[in-house]
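Right, one structure below, let's go through it.
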């Protein structure tokens, strides 16, 4: 997905690094191979990056400058519009903002990066410990004990979907199935957002007017995923 | 005595303890000194009635402000990073460094990319 932008912007001094928050390299491998990724495609089985950067969902994008400074709070950026009719995220503004930053045409963020960066509280960190315990137990084949800790982790950090959805494949729950839709539905019913995009590049009607998207052919999409596996 | 596993972020340690987990603070990189628990230049006071040596895990976690979860049936415990440490790191404005493998098992460090603009993109198959 990121290959085209990487190859376009690498000569301008951009490095794209993707990190799959998954159980093993075999989970994202089909995506990485299908994309023919030419940038570093890393795998984070221990949720290290989620912990360090307080990421609570995917996809999450973060911009870092030449000095190692975070120049934009984390954001949602679906690089492809393939799923836009479902995700409701159009790629037009985030991609334009990225190009403008790399070219030096615009600042990375109009606001105060640190003030707009969310940090984890102790309860959230406890949830991360509970997830780590569940993951370890699961890898030992102690699935029943693991399940209790995954449930506990989700109770402690109900807003952290790297825990609640990310644990589903480990627990034998389909992360695209009824359990996911029930979880997302209950979350929405509480008036809470599943994704927290930054306002300056939020998708609007203007994006669809400027660059219409095609309705996703779900059956063809499902087939392409099956063939990719 | 029972064998316990203690998960400290990315590392796991095996140690012998009873039904209640007690561990030496050095396992987490802290040394017991007259001033308290010390690591580098930092010392955290320890209540006077706590004897030197192995320490109750929950007490140690509280003193170090590290969230802990303990499974007494499975004899395993996990420490998380202190919330304040993670928050301070993010609020410093600098991107926390990490090292992770790629599909070929080759390790990459974020700091290897210093001097370039970086887009860090987290995704998942789920």
- Query: So if we plug the beta-carbon distance of residue B:97 and residue A:143 into 1/(1 + (r/R0)^6) with R0 = 30 Å, what FRET efficiency do we get, rounded to 0.05?
  - Reply: 0.30
- Task: Please determine, in degrees from 0 to 90 and to the nearest 10, the orientation of helix A:178-189 with respect to the longest principal axis defined by the Cα atoms of chain A, where the helix direction is its Cα long axis.
- Result: 70 degrees
- To the nearest 500 deg cm²/dmol, what mean residue ellipticity at 222 nm is calculated for chain B from DSSP H runs of n ≥ 4 alone, each contributing -39,500 (n - 2.57), summed and divided by the residues? -3500 deg cm²/dmol
- Query: Calculated FRET efficiency, residue B:27 and residue B:112, Cβ-Cβ r, R0 35 Å, to nearest 0.05?
  - Reply: 0.70
- Note on the structure: log10 I(q)/I(0) for the stretch A:39-151, Debye formula on C-alpha points only (no solvent), q = 0.23 Å⁻¹, two decimals, reads -1.30
- Two-site FRET efficiency, residue A:213 against residue B:42, from Cβ-Cβ distance with R₀ of 51 Å, rounded to 0.05: 0.45
- Message: Taking a virtual spin label 7 Å from the Cα of residue B:58 along the C-beta vector, which residues in the stretch B:1-22 bring their backbone nitrogen under 14 Å of it?
- Response: B:19-22
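Report the Stokes-Einstein translational diffusion coefficient (µm² s⁻¹, integer) for the protein assembly as shown, Rh taken as the Kirkwood radius over Cα pairs, at 10 °C with viscosity 1.306 mPa s. Could you put the intermediate results ahead of the total?
Details: Rh = 21.9 Å.
It comes out at roughly 72 µm²/s.
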- Item | Between 0 and 90°, nearest 10: helix A:218-228 axis offset from chain A longest Cα axis | 80 degrees
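Kirkwood hydrodynamic radius of the stretch A:146-229 from all distinct Cα pairs, in Å? Don't skip to the answer; put the middle values down first.
On the way: mean 1/r = 0.0639 Å⁻¹.
15.7 Å is the Kirkwood radius here.
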- Message: Suppose the chain between residue A:205 and residue A:10 were pulled fully straight at 0.36 nm per residue; how much longer would it get relative to their current alpha carbon spacing?
- Response: 67.1 nm
- Query: Points 7 angstrom from Cα along the Cβ direction at residue B:2 and residue A:186: gap in nanometres?
  - Reply: 3.0 nm
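Taking every DSSP beta bridge that has both residues in the protein assembly as shown, what percent is antiparallel when rounded to the nearest 5? If you can, show how the numbers build up before the last one.
Values: 32 of 46 bridges.
Restricted to the protein assembly as shown, the bridges split so that about 70 percent are antiparallel.
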- Item | Cα pair distances in the stretch B:2-84, grouped into 5 Å bins until the bin that holds the longest one, percent each | 3, 14, 28, 26, 18, 9, 2, 0
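Could you grab the relative contact order for the stretch A:3-117? Cα pairs under 8 Å, six or more apart, rounded to a whole percent.
In percent, rounded to a whole number, it is 20.
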- Can you list the residues of the stretch A:41-67 with backbone N under 13 Å from a point 7 Å past the Cα of residue A:119, pointing along Cα to Cβ? A:53-54
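Taking 0.36 nm per intervening residue step and subtracting the Cα-Cα distance, what contour gain separates residue A:105 from residue A:196 on full extension? Before the final figure, lay out each step's value.
On the way: separation 91, 0.36 × 91 = 32.76 nm, distance 2.55 nm.
So the chain would gain 30.2 nm between residue A:105 and residue A:196.
Suppose a student asked you for the relative contact order of chain B, using Cα pairs under 8 Å spaced at least 6 residues apart; what percent would you report?
On the way: 148 pairs, mean separation 23.4, N = 126.
Reported relative contact order: 19 percent.
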- Asserting the computed 222 nm helical MRE of chain A (DSSP H runs at least 4 long, -39500 (n - 2.57) per run, divided by residue count, to nearest 500) equals -12500 deg cm²/dmol
- Message: Compute the distance from the alpha-carbon center of the stretch A:70-96 to that of the stretch B:1-35, in whole Å.
- Response: 44 Å
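Values in this text are rule-based calculations from the coordinates and carry no lab data. The structure presented is a predicted model; accordingly, all values stated were derived computationally and were not measured. Glycine also receives a Cβ, built like all others from the backbone with ideal geometry; neighbour counts cover every protein chain displayed.
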